[in-house]
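Written out below as structure tokens is the structure these notes cover.
The values are calculated or read from the model by the stated rules, or taken from the named source; none is laboratory data. Since this is a predicted model, take the numbers as computed values, not measurements. Cβ placement follows ideal geometry from the backbone for every residue including glycine, while neighbour counts extend to all protein chains displayed.
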Amino acid sequence: MAARAKVRVVDVKANATRLSEADKHFIRFMVPESYESVMDAYAARPERWTPMTGAGTGRSLFRNLAAYVRLLLRAVKSVVAPSVLTSDVVCADYEATTEDARRAYLNRFLPGAAVAYLPIGFGLTRWPKGVGMGRFLGGLLGAILRVRSGETGDLGCRYVHIAEYCLMVLAAAQQSRRREAYLFRMYQVHVPVLAGFLRFHGVTTHLVAATTPLTRGDVAIPGDSMKLAHPFQAFQFDDSEALGVERFEMWGPTEIIQMESAYQGRRSDGDPDTVAVYTQGYWLRLALGTATGPKAEALAAVEDELMCIVERYLGLHDHVRTLIFLHPMERRHYRERGVLGPWSLLGHPRAECIVEQGRSSNEEFDRARVGITTFSTVGHDRIYMGFPTLFYRGEVGLPSYKGDQPFAGLFHTEERSLLDALDTAMGWTAEQFMMHYVGGLLDSAGFIGSPRWLPVPWSVSEEGMQERGARS
């Protein structure tokens with residue numbers, strides 16, 4: 001019997017992004033022309049931005065200066081022995097393991113384009129043009145010296161880490177034939193600064209969205225365009241609001257290639273007596289320290305609530321079973337430590353926990369009639385591919401939408417409304433579900449990868465909004 005983590009009981013509200021005076025000085029130094037937009041992005045974010053992987057969290061002057069000296073040495077080397085990087089466009093994503101997937105995704109929408117992939121550890125290999133080395137390094141040192149021990153700004157001691165990544169991406173983009181950069185993971189703390197820095201130096205900057213609902217902080221990030229992953233995202237904001245993004249284009253989920261390959265010629269409504277639950281593993285993120293603070297605790301609490309709700313649903317319907325698809329991080333943890341999440345649902349006789357590493361959850365949507373999750377991108381991928389899915393968001397609240405949209409009914413904050421929606425969905429076909437909730441957005445007759453929205457750009461101008469409305 002696998003061990004289980006201890007259940008937490010928390011009652012917290014999301015904290016806004018915290019910026020110290022030193023953080024604000026650093027941002028103004030990095031993006032003088034985009035300062036207001038970048039500050040809007042941080043101010044509008046309803047929770048703390050996720051830190052960069054690989055960036056330290058200590059705030060001591062020694063740590064900052066040590067990182068600064070390392071950057072200084074790499075900067076000198078980048079001038080004395082620069083490297084040549086040939087590409088059409090660059091892709092900035094901190095995670096090295098997603099390189100193949102990112103290249104395939106960009107090549108789908110940019111056929112034949114040579115992509116330079118730049119994870120965090122790529123390193124500074126050439127000093128970018130138009131950035132005075134002495135002035136930049138001197139200004140960065142000044143920003144570091146402003147950080148006082150005990151300050152609580154979210155940028156913390158990441159100044160050197162962020163600055164080097166900005167320099168690295170800019171140098172690569174300047175060498176690319178199109179001078180274009182595609183930025184993934186907008187929730188990362190460095191992305192607003194990186195986007196503003198690139199645009200300030202003449203690089204066409206594209207933000208690539210995940211399938212989850214956008215936040216006001218996302219659309220405030222300065223960018224030449226944002227590539228939407230899901231049609232409903234286009235109904236969240238309009239040009240009456242402060243947007244940093246100039247125009248929007250409908251692309252599709254970053255997992256679209258994998259999902260189309262899995263479901264072409266394989267269409268079903270799923271097992272009519274099975275509900276799939278998709279976890280995000282916030283209990284584990286908290287335990288490992290990869291997510292901290294009130295927001296992470298609230299997300300973990302909401303997932304705990306969802307597991308209890310599903311367990312009660314099984315008690316009301318003795319013919320229904322559930323499949324629990326664990327987050328990949330939870331699967332790895334179980335394989336290494338033999339520990340599962342803190343939910344009694346895992347021991348229910350009609351619950352099966354999917355822990356093996358085999359097929360991706362994105363390739364097994366048709367094993368259940370309805371999927372349920374809290375905030376997982378997998379839930380939105382299911383909707384995009386035409387599989388019924390509901391979301392429980394508890395006290396974290398509902399995403400923002402413009403006007404009265406039918407797909408708002410997918411999101412629930414109370415147990416009773418979720419159970420009622422689940423009862424109804426279990427009795428519908430996938431097509432009935434899609435037509436009810438998102439029939440105005442997706443072509444439910446064809447489902448797979450065929451949003452009624454064509455991948456045509458629209459801008460935040462009045463003409464662009466009219467074009468968008470004409471296509472919905």
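Scanning region 310-338 for residues that are under 26 Å from the mean Cα position of the chain (by Cα) and of a type outside the set (D, E, K, R) yields VAL310, LEU323, ILE324, PHE325, LEU326, HIS327, PRO328, MET329, HIS333, TYR334.
Would you call PRO406 surrounded by fewer than 15 Cβ atoms within 10 Å (Cβ to Cβ) and in contact with a helix residue (DSSP H, G or I) (Cβ under 6 Å, 6 or more places away or on another chain)? Here the answer is yes, as PRO406 does meet what is asked. Scanning region 312-325 for residues that are under 21 Å from GLU414 (Cα atoms) and surrounded by fewer than 18 Cβ atoms within 10 Å (Cβ to Cβ) gives ARG312, GLY315, LEU316, HIS317. When region 375-420 is filtered for residues that are among the aliphatic types (A, V, I, L, M) and more than 30 Å from ILE257 (Cα to Cα), the ones remaining, listed by number, are VAL396, LEU418, LEU419.
Being more than 30 Å from LEU326 (Cβ to Cβ) and either outside any helix (DSSP H, G or I) or modelled with pLDDT of 90 or more (or both) holds for only one residue in ARG70, ARG48, ARG8, and it is ARG70. Is at least one residue of region 326-341 crowded, with 17+ Cβ neighbours inside 10 Å, among the charged types (D, E, K, R) and closer than 21 Å to SER361 by Cβ? Checked against the condition, which is being crowded, with 17+ Cβ neighbours inside 10 Å, among the charged types (D, E, K, R) and closer than 21 Å to SER361 by Cβ, region 326-341 yields at least one hit. Would you call GLY397 at pLDDT 90 or above and out of contact with any helix residue (DSSP H, G or I) (no Cβ under 7 Å at 6 or more places or on another chain)? It is false that GLY397 is at pLDDT 90 or above and out of contact with any helix residue (DSSP H, G or I) (no Cβ under 7 Å at 6 or more places or on another chain). Checking each residue in region 249-297 for being of a type in the set (Gly, Ala, Ser) and in contact with a strand residue (DSSP E or B) (Cβ under 6 Å, 6 or more places away or on another chain) picks out only ALA276. Checked against the criterion of being under 13 Å from ALA92 (Cβ atoms), without any contact (Cβ under 8 Å) to a residue 60 or more places away in the chain, of a type in the set (S, T, N, Q) and part of a strand (DSSP E or B), region 205-224 has at least one qualifying residue.
The single condition from (1) in a helix (DSSP H, G or I); (2) under 30 Å from ASP420 (Cα atoms); (3) at pLDDT below 95; (4) of a type outside the set (Gly, Ala, Ser) that GLN280 fails is (1). Does region 265-284 contain at least one residue that is touching a Pro at 6+ places or on another chain (Cβ under 9 Å) and under 21 Å from PRO388 (Cβ atoms)? Yes.
For region 87-129, a tally of residues being assigned to a helix (DSSP H, G or I), farther than 17 Å from LYS227 by Cβ and among the β-branched types (Val, Ile, Thr) returns 2.
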